[in-house]
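The structure appears right after this line, and notes come after that.
Just so it is clear, none of the values below were taken in a lab; they were calculated from the coordinates. Just so we're clear, the structure is a prediction, and the values are computed from it rather than from any experiment. Glycine gets a Cβ as well: all are built from the backbone with ideal geometry, and neighbour counts include every protein chain shown.
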Amino acid sequence: MKNRKTVASRAPDPSQEPDGNANPSLGGEIRGKIGRQLREMYDDVVAQGVPDRFVELLNRLEKQNEK
Amino acid sequence: MKLDPSIREAVLAAVPSLRAFAISLSGNVDRADDLVQETLLRALVNIDSFEPGTNLSAWLFTILRNLFRSEYRKRRREVEDGDGTYAESLKSQPEQEARVEFREFRAALAKLPSDQREALILVGASGFSYEEAAGICGCAVGTIKSRVNRARTRLAELMSIESLDDFGPDRATRAVLSGGERS
């Protein structure tokens, strides 16, 4: 199912996109740092995986719906 | 109704990113997890309105974002945690020096207006295209682009102030000098 890919596969680094030049005053060093820290922060949570409560939630919902 | 196994798998696969997005919106892990739970409930109740073949994770992000927005309007004052609980959500703490820098970054991120922050996260961290982010936020692609740009500019300003204070006042010059390098 291709949908899952969107989140899993990273879009190109936004700092590399043409649009990224819209702020010529923005230093490349700082821009790169922003991108890295943003992803680091986000990926730290992503790396925690799927907490059990969400698997249990789906199981429960499916059981309910079977009735 | 038994969930289509591929849908079930795709929903679960989206959970880690939904949590990361929810934490970045709410700044609070517990509330973020409640938000994700509510999102999954809504999604499964309304699964028939999901069009197969379209982007499931974008659909889930849209639900989560709308839930957050409607809740946010109700409890505007308690929402922005900013710094504290974010740190608690992070298991792998980097080195001491990097940690300070990281905390500064989160503090700067928390100072952004929420529409700019969500646009930056969706495009810069979740990996959505500008078009997908626009769909999730219910606005024009140009709006997303300008929000992302403003967010980056503002963050850079906030972080320049933090990191370049030691080097004297002329950070505009410094920014230009370092402008050649790209990440």
Residue exposure sequence - B:S57, B:S129, B:S146, B:S70 - by fewest surrounding Cβ within 10 Å: B:S70, B:S146, B:S129, B:S57
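Can you put B:T39, B:T62 in order of Cβ neighbours within 10 angstrom, beginning with the fewest?
Ranked by crowding around the Cβ, least crowded first: B:T62, B:T39.
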Extended-chain gain in nm, criterion 0.36 nm per residue less alpha-carbon gap, B:V141 and B:D115: 8.0 nm
Estimated dipole of the stretch B:16-55 in Debye, rounded to 20 [Cβ of Lys and Arg +1, of Asp and Glu -1, Cα centre]: 100 debye
The stretch B:60-71 - phi-based ³J(HN,Hα) in whole Hz, Karplus 6.51/-1.76/1.60, Gly and Pro as x: 5, 4, 4, 4, 4, 4, 5, 4, 4, 4, 6, 5
Taking B:E9, B:E38 and counting other C-beta atoms within 10 Å, the order from fewest to most: B:E9, B:E38
